[in-house]
Amino acid sequence: TVAWKEIPELQTLGKLYSVDGSIFPALATMLWAEYQSQCNALKLHLVFDLNRMVAVQILVGSGNSNEKSALKQMLEASVTYIADRGYVSFPLLADIVLANAYFLFRMKSNLSYSVVEKLTITLPECVSHIFSQVSDQKVKLNNAKGKPVYRLVIFRIGEEQFLILTNRMDLTTFQI
């Protein structure tokens, strides 16, 4: 019932949830929290609402619990899930689409894809000095079942290259 202050720039993008898992040491007597032979641990799977800056879902599992499986359990329609490379799984991407949700995932550099269509790159002038080698395209994933078509935005910041895969076709390059 709390009236959270909204961030207008994020509100226009819809519900944005960041997801991640973190490991915490557990007591030796917590046998269900199996992690490694010498120690037990918990894994906290957290969904954080970026629009309101508050955790909205939490799952606790053993240290060996799977982040992708946890996210699959927590999916909601109309939400854009933002995650790092540890969540990359072609079946999970398909599950997100089936749940009428969206994803915005950082991909590994060895992603195998074919360009279907090059899209117009839209970046404000004031940030053009930050991003280099920017591309925005629809791609077909060569190794995914059914070879789905998604959107891939690639850019460099300094020496680091970023590959961002999404099913959000309505956003600008800069918003991605």
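The values are calculated or read from the model by the stated rules, or taken from the named source; none is laboratory data. Note that the coordinates shown come from a computational prediction; the quantities given were computed from them, not determined experimentally. Backbone-built Cβ (ideal geometry, glycine too); neighbour counts: all protein chains shown. Side chains included, ligands, DNA and RNA excluded: accessible areas come from the protein's heavy atoms. Shrake-Rupley method; radii C 1.70, N 1.55, O 1.52, S 1.80 Å.
Sorted from largest down, what three extents in whole angstroms do the Cα atoms of region 107-153 have along their principal axes?
Projected onto its principal axes, the Cα set of region 107-153 covers 40, 20, 10 Å.
Of the chain, which part is the longest with no trypsin sites (Lys or Arg not before Pro) in a loop (DSSP not H, G, I, E, B) and with at most 13 other C-beta atoms within 10 angstrom?
So the longest stretch without any such site is 6-107.
With unit charges on the beta carbon (Lys/Arg positive, Asp/Glu negative), name the residue among Thr120, Val149, Phe131 whose Cα is farthest towards the positive pole of the charge dipole of region 40-176.
Val149
So, with a 1.4 angstrom probe, what is the percent of accessible area on the chain that is carbon and sulfur?
Of all accessible area on the chain, carbon and sulfur atoms account for 55 percent.
Excluding ligands, DNA and RNA, what is the solvent-accessible area per residue of region 116-176 at a probe of 1.4 Å, expressed in Å²?
58
Where does the longest stretch of the chain lie that holds no GluC sites (Glu not before Pro) found in a DSSP loop with 14 or fewer other Cβ atoms within 10 Å?
The longest such stretch corresponds to 77-158.
Output the Cα-based Rg and Dmax of the chain in Å, rounding Rg to one decimal and Dmax to a whole number.
Rg then Dmax for the chain, in Å: 18.1, 58.
About its Cα centre, how strong a charge dipole does the chain have in debye, to the nearest 20, once Lys and Arg get +1 and Asp and Glu get -1 at the Cβ?
Result for the chain is approximately 480 debye, rounded to the nearest 20.
Filter the cross-link list Lys43/Lys140; Lys72/Lys138; Lys15/Lys43; Lys15/Lys118; Lys68/Lys147 down to pairs whose alpha-carbon distance in this structure exceeds 30 Å.
Lys43/Lys140
Looking at the chain as a GNM with Cα springs under 10 Å, which of Val54, Val97, Val19 has the largest mean-square fluctuation?
Residue with maximal mean-square fluctuation among Val54, Val97, Val19: Val54.
Could you give the length gained on full extension between Phe174 and Gln73, defined as 0.36 nm per residue of separation minus the Cα-Cα distance, in nm?
33.3 nm
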